[in-house]
1. Which helices (runs of 4 or more DSSP H) does region 54-172 wholly contain that include 2 or more residues that are at pLDDT 80 or above, open to solvent by less than 60 Å² (accessible area, probe 1.4 Å) and within 16 Å of Asp16 (Cβ to Cβ)?
2. Restricting region 7-53 to residues that are of a type in the set (A, V, I, L, M, F, W, C), without any contact (Cβ under 8 Å) to a residue 40 or more places away in the chain and surrounded by 13 or more Cβ atoms within 10 Å (Cβ to Cβ), which is nearest to Ile69 (Cα to Cα)?
Amino acid sequence: EIQILWDNVSTISGVDVILILIYTGFRISELLKLKKGSVDIINGFIRGGNKTKAGKKRIVPIHKDIKEIIKVKMETSKIYLIETRNREMNADKPVSYNYYLTQFKEIMKALGMEHNPHETRHTFATLSSNSGLNPVAIKDIMGHSDYMMTEKVYTHKDKEEIKKEIDKFTVN
């Protein structure tokens, strides 16, 4: 499904935002409130987050695969990294969750998928864990105070991932 998103990033408006969510682990509310001044494209970091003490103003690295998407957003946005198509309407306000949710549902329908925006956070956690990222790094990027929260709620191991892990087991 992520490949389907990449295949449609230039043809379906808003797919780029979904990819940013998947590759950063941001909550949708955090991404929508993110101002351009919080993005350091040169050093490859975004400073943002809210909700919890550990999640506020955290440093989230920009994954190489979404760097160009972020650059385009930086060039085309005025105040917020994510803006509506008609930005003059509310230039000083972030995109509302309800506005974004409507667009997200339209994208999912167009792509034949069924997800909600928060699932991108689960995808980030699962793919990070499956890729062998340091658990402390995953915890910090997601803005959790301890990795147990990340592991218990956000990471999901499918049968193939578990099968790969068993081959790491040795007797001697």
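1. Filter on region 54-172 gives 67-76, 97-111, 119-130.
2. Filtering region 7-53 down to residues of a type in the set (A, V, I, L, M, F, W, C) leaves 9, 12, 15, 17-22, 26, 28, 31-32, 34, 39, 41-42, 45-46.
Now drop any that are not without any contact (Cβ under 8 Å) to a residue 40 or more places away in the chain, which leaves 41-42, 45-46.
Now drop any that are not surrounded by 13 or more Cβ atoms within 10 Å (Cβ to Cβ), which leaves 41, 45-46.
On the way: Ile41: 11, Phe45: 14, Ile46: 13 Å.
The qualifying residue nearest to Ile69 (Cα to Cα) is Ile41.
The values are calculated or read from the model by the stated rules, or taken from the named source; none is laboratory data. Not measured: the values here are computed from a predicted model. We place every Cβ from the backbone using ideal geometry, glycine too, and count neighbours over all the protein chains shown. SASA here: full protein model, heavy atoms, side chains in, ligands and nucleic acids out. Shrake-Rupley method; radii C 1.70, N 1.55, O 1.52, S 1.80 Å.
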